[in-house]
1. Can you tell which of Glu191, Glu156 is under 29 Å from Arg121 (Cβ atoms), part of a helix (DSSP H, G or I) and modelled with pLDDT of 70 or more?
2. Under 7 Å between Cβ atoms, which residue pairs at least 6 apart in sequence (or on different chains) link something in region 83-106 that is touching a residue at least 60 places away in the same chain (Cβ under 8 Å) with a partner that is among the small types (Gly, Ala, Ser) and in a helix (DSSP H, G or I)?
3. Just checking, does region 50-59 include any residue being among the acidic types (Asp, Glu) and touching a residue at least 40 places away in the same chain (Cβ under 8 Å)?
4. Condition check: open to solvent by less than 70 Å² (accessible area, probe 1.4 Å) and either in contact with an Asp or Glu (Cβ under 8 Å, 6 or more places away or on another chain) or at pLDDT below 85 (or both). Does Gln48 satisfy that?
5. Scan region 305-317 and report the pairs whose first residue is among the hydrophobic types (A, V, I, L, M, F, W, C) and whose second residue is at pLDDT 75 or above, with Cβ atoms within less than 7 Å and a gap of 6+ or a chain change.
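The values are calculated or read from the model by the stated rules, or taken from the named source; none is laboratory data. Only a predicted model underlies this, so the values are computations on that prediction, with no experimental measurement involved. Note that we place each Cβ from the backbone using ideal geometry, even for glycine, and neighbour counts take in every protein chain shown. The accessibility values were calculated without ligands, DNA or RNA, using every heavy atom of the protein model including side chains. Shrake-Rupley method; radii C 1.70, N 1.55, O 1.52, S 1.80 Å.
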Amino acid sequence: MLELSTLKFAPVSTTPTTTPRKSRNPSTRTPISLAHHDQFEESVRALQGRLDGLLSAQRAACTGQTSQSEVIDLAMVRADLPRAMRELADLLNRRLSVLRQHSMQLMGEREDAHEREERARALSSSLDTDGPQDSHPSGRLDDEAKLNQQLLEVEEQREALRRELDAVETRRKSLKRELAEVRRARARSQEDARKELNDIHTKPTLEDIASEITKCQKGIERVEQEATALDEGAIIVDDVMAELSELETQLCQILAAGESPDDLLDKAIASLEVKITDVDANGWTLLQVSLRSELEGLMAAKELLSQRRALTSASKGKQRETSSNS
């Protein structure tokens, strides 16, 4: 089968555009993927197989390489060939639209990845400095060190202030509860920071997204080139098929009049060779196969007509020789 990935095309310059996106929560991010395109690939392979079949039928019909039981409608093959090329071009254009949307999504993912990198650095810095510190709920104590200091002071005053023991004991217990709450809050904050940091590390990195963007952009360029080549190739095939149809009509008229078709065939062969030269310069292998099949058919027709004229001349010579002997 002829694969479109083997075709060569003139380069097409494309510059993807992006639109501003609002930052979203990294925890709700969807993983980057180009899955769920099996149906598209199956359609492409089916059309490629159809083109391959049409080209094989065209070559067999043009060169006479068919069995006695096999009948090929060359006119139908010539009509179906550009239509199949356009269908494949339309399918590739739809694929191009999907790739462009995916490219824009990747651009947005890259922006979010920058935000995640900044958040990760901030969380790492916070963990290295013994974690984020929460303020005291009552506003009386600021941090753990201050609570420890006040606790020591209360413990020292307890022996000297026995008469105020009940009030001091209540104060001590309150400070211990507040200290425990501060420690629990700090531990919760550190645990949340570690979880968020681990979650950030599971997300695609800037390098991953950049690689995906590069692959996507290359895919866009390749599909654009193939779609453009198929569109232009269908136009060339239409022109060639029209010329061949007109040539067949003229050949029928010339042969019916008993005239030589050599000049007409030579002009048609020269015109087709010029088109093949242009196609070869662009590296459009799909058109090369089609046009060369038509060229081989014309050259075979010319050779067949030459042989026919030679046989006719020999037959007439023998008839004259027989008549003169009698």
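1. Working: Glu156 fails: under 29 Å from Arg121 (Cβ atoms).
The unique qualifying residue is Glu191.
2. Taking only residues 6 or more apart or on different chains, the pairs are Met85/Gly233; Met85/Ala234; Arg86/Ala234; Ala89/Ala227; Leu92/Ala227; Asn93/Ala227; Leu96/Ala227; Leu99/Gly219.
3. Initially, region 50-59 is screened for residues among the acidic types (Asp, Glu), giving 52.
Cutting the leftovers down to touching a residue at least 40 places away in the same chain (Cβ under 8 Å) gives us 52.
Yes - at least one qualifying residue is present in region 50-59.
4. Numbers: open to solvent by less than 70 Å² (accessible area, probe 1.4 Å): yes; either in contact with an Asp or Glu (Cβ under 8 Å, 6 or more places away or on another chain) or at pLDDT below 85 (or both): yes.
Yes, satisfied.
5. Partner pairs satisfying both residue conditions: Leu305/Pro261.
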